[in-house]
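Visitor: What follows is a single structure, and I will ask about it in a moment.
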Amino acid sequence: MNFKYTKFTDQGSLFLTDFNCASFDKRLGEGDFYKIVWAKDKDILIRVDGYSVDLKKNQVLFCTPYNKIYLEPYLKGAISYIFNREFYCIRDHDHEVSCNGLLFLGTSEPIKIDLTEKERKSYELLFMFFEEEFETKDQIQGEMLLVLLKRLLIKSVRLVKRTMVDTELSQTKIDIVRQFNLLVDEHFKEKHKVSDYAELLNKSPKTLANAFAKYNDKSPLQIINERVILEAKRLLSFSEKSSKEIANNLGFLEASHFSKFYKNQTGESPTSYRKRE
């Protein structure tokens, strides 16, 4: 199965695929795409940004255009909704679905959610609606597919909120978390302190800490550190840059400071990680 819709006036594209084809562009599209991967029928193993992700049956993964995915040809057991900014821009339409910084975290590690049996049936029904619309070729096909995509995103945002420590967390605090996540993605190379982001948000560090205590089990500082480590691993795996160059790229004054930070966070040195990878 491999459906594709393209709006030729602005090159907006939406794919629905079960990956049961060899061509990479048919499986994930050529260009910058958001990717929602659902392990629909069984557990699957994929690689995201160079590391392995074990996606269990009825888990859903949300990747931005910056997250690079590799799947084996003819992968079975999963489906994916794939769309570009021209079809639906998450940032420009955030007021409609409120998923930027919650479902999609820019270049950060992708969000993964678990579906209950009830939620799986709901996703199955929505999947059937998508299939039906892809097979209906008329002048409103694009609008119908867009409505279904928005429904999928809103449904998924609700599921993410269900995983919060405090499921009654106010929208104001959820927005603080979302804005913090987006700012970290934008500034992590030069800003490594919680106070830096508190200032950008016009909030106190304590306010940020309280919001995250109710959101999940990670502190704001952990979010920053994990984002720096994720980028460091990408550079170590996919570039020829030296540790000194990577340190400079990530805002460390000395390569030794970067190496110490990396080992404290991961338990191994950057050199050891690069050799192992």
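Visitor: Of everything in region 120-163, what is open to solvent by 80 Å² or more (accessible area, probe 1.4 Å) and of a type in the set (Val, Ile, Thr)? Give them in sequence order.
Guide: If the condition is that a residue be open to solvent by 80 Å² or more (accessible area, probe 1.4 Å) and of a type in the set (Val, Ile, Thr), then Ile140, Val147, Thr163 are the ones that fit.
Visitor: Let me ask something else about it. Of the residues that sit in region 164-181 and are open to solvent by 60 Å² or more (accessible area, probe 1.4 Å) and in contact (Cβ under 8 Å) with a residue 12 or more places away in the chain, which one is nearest to Ile229 (Cα to Cα)?
Guide: Result: Gln179.
Visitor: Let me ask another. Name every residue in region 37-57 that is modelled with pLDDT under 90 and of a type in the set (Gly, Ala, Ser), in order of residue number.
Guide: Gly50, Ser52
Visitor: Got a sec? Which of Arg120, Arg151 is farther than 28 Å from Arg234 by Cα, without any contact (Cβ under 8 Å) to a residue 40 or more places away in the chain and not small (Gly, Ala, Ser)?
Guide: After applying the criteria, what remains is Arg151.
Visitor: Find all pairs meeting these conditions: Cβ atoms under 9 angstrom apart; at least six residues apart or on different chains; first residue within region 87-110 and in contact (Cβ under 8 Å) with a residue 60 or more places away in the chain and on the phi > 0 side of the Ramachandran plot; second residue open to solvent by less than 30 Å² (accessible area, probe 1.4 Å) and β-branched (Val, Ile, Thr).
Guide: Note: pairs meeting the criteria are Ser98/Val157; Ser98/Ile174; Gly101/Val177; Gly106/Thr64; Gly106/Val184.
Visitor: How many residues are in contact with a strand residue (DSSP E or B) (Cβ under 9 Å, 6 or more places away or on another chain), farther than 23 Å from Thr107 by Cβ and either at pLDDT below 90 or aliphatic (A, V, I, L, M) (or both) if we restrict to region 58-76?
Guide: 3
Visitor: May I ask you to say which residue of Ile44, Ile79, Ile90, Ile69 is of a type outside the set (Lys, Arg) and closer than 20 Å to Glu231 by Cβ?
Guide: Ile69
Residue-wise test of (1) at pLDDT 90 or above; (2) closer than 19 Å to Lys112 by Cα.
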| position | (1), (2) |
| --- | --- |
| Val157 | yes, yes |
| Met164 | no, yes |
| Thr167 | no, yes |
| Ile174 | no, yes |
| Lys203 | yes, no |
| Phe212 | no, yes |
| Lys218 | no, yes |
| Leu221 | yes, no |
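The values are calculated or read from the model by the stated rules, or taken from the named source; none is laboratory data. If you're wondering where the values come from, they're calculated on a predicted model, not measured in any experiment. Note that we place each Cβ from the backbone using ideal geometry, even for glycine, and neighbour counts take in every protein chain shown. Note: accessible area is taken over every heavy atom of the protein model, side chains too, but ligands, DNA and RNA are not part of it. Shrake-Rupley method; radii C 1.70, N 1.55, O 1.52, S 1.80 Å.
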